[in-house]
1. In degrees between 0 and 90, to the nearest 10, how far off the longest principal axis of chain B does helix B:125-155 point, with axes built from Cα atoms?
2. Given the C-alpha centroids of region A:4-48 and region B:1-68, what is the distance between them in whole angstrom?
3. Mind sorting A:Ser128, B:Ser46, B:Ser144 by how few other Cβ atoms lie within 10 Å of their own Cβ, fewest first?
4. What are the nm distances, shortest first, from B:Met1 to its equivalents in the other copies, labels at 7 Å along Cα→Cβ?
5. Between region B:92-112 and region A:79-145, what is the C-alpha centre distance in whole Å?
6. For B:140-152, what's the mean count of beta carbons from other chains sitting within 10 Å of each residue's beta carbon?
7. Is there a simple number for the mean count of other chain Cβ atoms within 10 Å of the Cβ of residues in B:92-99, and what is it?
8. Give me the inter-chain shielding for A:170-179: mean count of other chain Cβ atoms within 10 Å, whole number please.
2 protein chains.
Amino acid sequence: MRYHRSDIVERAVDILDQYGLPDLSMRRIASELGLQPSALYHHFTSKQVLLAAVADELLTRGDRPDADGLSWDERVIGQSRGLRDAMLAFRDGAELVATVHAFGLGARTPHARLAATIRDGGFDESFSRAAATTIMHFVFGHVSDEQTHLQANSVGAIDDVVGGGTDRADKASFELGLTLILDGIRLRHHAASAVG
Amino acid sequence: MRYHRSDIVERAVDILDQYGLPDLSMRRIASELGLQPSALYHHFTSKQVLLAAVADELLTRGDRPDADGLSWDERVIGQSRGLRDAMLAFRDGAELVATVHAFGLGARTPHARLAATIRDGGFDESFSRAAATTIMHFVFGHVSDEQTHLQANSVGAIDDVVGGGTDRADKASFELGLTLILDGIRLRHHAASAVG
DNA sequence: ACCTGAACACCGTTCAAGT
DNA sequence: ACCTGAACACCGTTCAAGT
């Protein structure tokens, strides 16, 4: 059977979600498709590149258009929540995206979209990019933490003390951090307006 | 020869700095010490635990006490810069710390110190912790990015266009993001002061 | 263009046995 | 307590060869 890049990425997403990132090996993907490992290198030059495609697929699947009639900062919040939801929707999603990002690949579309939205708020290009980067770092880091703790709670048996309310606390802490950054951005806006 | 945990960690730090994270294998560490790989498991229960010790060693080596007579927010900035410097001082330092953190280990001391400093600013415990978390995420993410780009520039030959001023731009973008978050925190302070 | 088969050069971890 | 030696069950990647 002959496969396309998209078939391979889909299978990889399935393996990731069912068995986790450590089991997402080239050999595993190949064997689930009934292929030799070497066949994958006809579609992707390396595992890193394949993983980048998987990460982008996760984020694309979670992608939602901005709601109508929202201000720029409401749209930034919506996009950030969307990124969080997309990563949380798959096992080890945050770790995968972070790994791919650490390698210098992936997640360029969400970043560009955030930057454009901030620019709509009247900020200049370079500030908008830096602010978008700050938000991306926060979102990746926070969701990574959340998923790590969720995993720790599901593996161990510490649910008696911490469990239950934890996801609500995670959500609250996510919203708080996001607000902190947005307040910082808005402050620059008012400062600029007051001067200009 | 008989080694202690600290000897192994020191060797691991050397290997990391000279050859990078991908070459930091249990077999490599063992062979540089003249040991069998299995000997390492007498000192560390797993590679992850060893890596956590290496990450903490990096951060400890870069540790500087707060300067005298600084306000809480100036101390937060100083500590954040210190973390950045510590990670940048070693090859793949940021990626190592991020990896260890994603596994749920390490970097607890810097986080606790940041949270305590923010609490000194008059914020309550849970807010201080969440704000410290936001800063840690930003620092890890940003420095990871910086190191990735530095690496890309040193491997490839793209210095003609981007190179040269890049590290200064990185530093500036780090300071900007940090300011954004701190402004958000300070805003909460003033809001609370105005009410209380 | 897409894939097989075989090989190369590695991994982390376990465990009985030594001193 | 600290380490050896050997094994188990894997990795990512390359490359000649097939269709």
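Derivation of every value follows stated rules applied to the coordinates shown; laboratory data play no part. Remember, predicted model here, so these are calculated numbers, not experimental data. Backbone-built Cβ (ideal geometry, glycine too); neighbour counts: all protein chains shown.
1. Taking the Cα atoms of chain B, the angle to B:125-155 is about 50 degrees.
2. Spelled out, the Cα-based centre of one part sits 32 Å from the other.
3. On the way: A:Ser128 20, B:Ser46 12, B:Ser144 24.
Ascending Cβ contact count within 10 Å gives the list B:Ser46, A:Ser128, B:Ser144.
4. Taking the point 7 Å beyond Cα along Cα→Cβ, the inter-copy spacings are 5.5 nm.
5. 20
6. Working: counts 5, 14, 6, 1, 6, 6, 0, 1, 5, 1, 0, 2, 2.
Mean inter-chain Cβ contacts per residue within 10 Å come to 4.
7. Numbers: counts 1, 0, 1, 4, 0, 0, 8, 4.
The mean count of partner-chain Cβ atoms within 10 Å per residue comes to 2.
8. Working: counts 0, 0, 2, 7, 3, 1, 8, 9, 2, 4.
Mean partner-chain Cβ count within 10 Å for A:170-179: 4.
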